[in-house]
1. How large is the convex hull of the C-alpha atoms of the chain per residue, in Å³?
2. What is the distance, in nm, between label points placed 7 Å from the Cα along the Cα-to-Cβ direction at residue 42 and at residue 54?
3. Pick from 95, 25, 41 the residue whose mean-square fluctuation is largest in a GNM of the chain, springs joining Cα atoms under 10 Å.
4. May I ask you to derive the FRET efficiency for residue 76 and residue 105 from their Cβ-Cβ distance with R0 = 25 Å, giving the value to the nearest 0.05?
5. Taking Cα atoms, how many degrees apart are the long axis of helix 102-112 and the longest axis of the chain, rounded to 10 and kept between 0 and 90?
6. For each of 60, 50, 4, count neighbouring Cβ atoms within 10 Å of the residue's Cβ, then give the residues from fewest to most.
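All of the numbers you see were taken from the coordinates with simple rules; none came from a lab. Keep in mind that what you see is a predicted model, and the values were worked out from it rather than measured. Glycine gets a Cβ as well: all are built from the backbone with ideal geometry, and neighbour counts include every protein chain shown.
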Amino acid sequence: MPMYEHVFLARQDLSQSQVDALAQEATRIVESNEGKVVLTETWGLRTLAYKIQKNRKAHYVMLRLDAPGSVILELERQTRINEDVIRFLTLRVDEHEEGPSVMMRKPERERERKPRRDFDKD
């Protein structure tokens, strides 16, 4: 079965429970159409590079899916209709990476960085 990653951005004025409900709705759409949600990650409220529909921030959510193309079409159709979702992107991938996504590993990477050297100012 083909594998996909579906990321959507929800409006900034939603609560975390409403964002979780959006993710559960997407999961319900996929599973009711013979697909499978492998992983759901909530990346949190992040600042956007530019305003989208008067929003400066958005809640990011990623779903890893194993589903046929018809399920993805239905998921995208339902997502497009939803007024709480301001952007979405679905990508077909060859395989799902193991463990958390790069966005979730970011704090680990920052901890591994070497401290900056202080140079004496003359």
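1. In the chain, the Cα convex hull volume per residue is 149 Å³.
2. Between residue 42 and residue 54, the label points sit 2.5 nm apart.
3. For the chain, modelled as a Gaussian network with Cα springs under 10 Å, the answer is 95.
4. 0.35
5. Orientation of helix 102-112: about 20 degrees from the principal axis.
6. With the sparsest Cβ surroundings first, the list reads 50, 60, 4.
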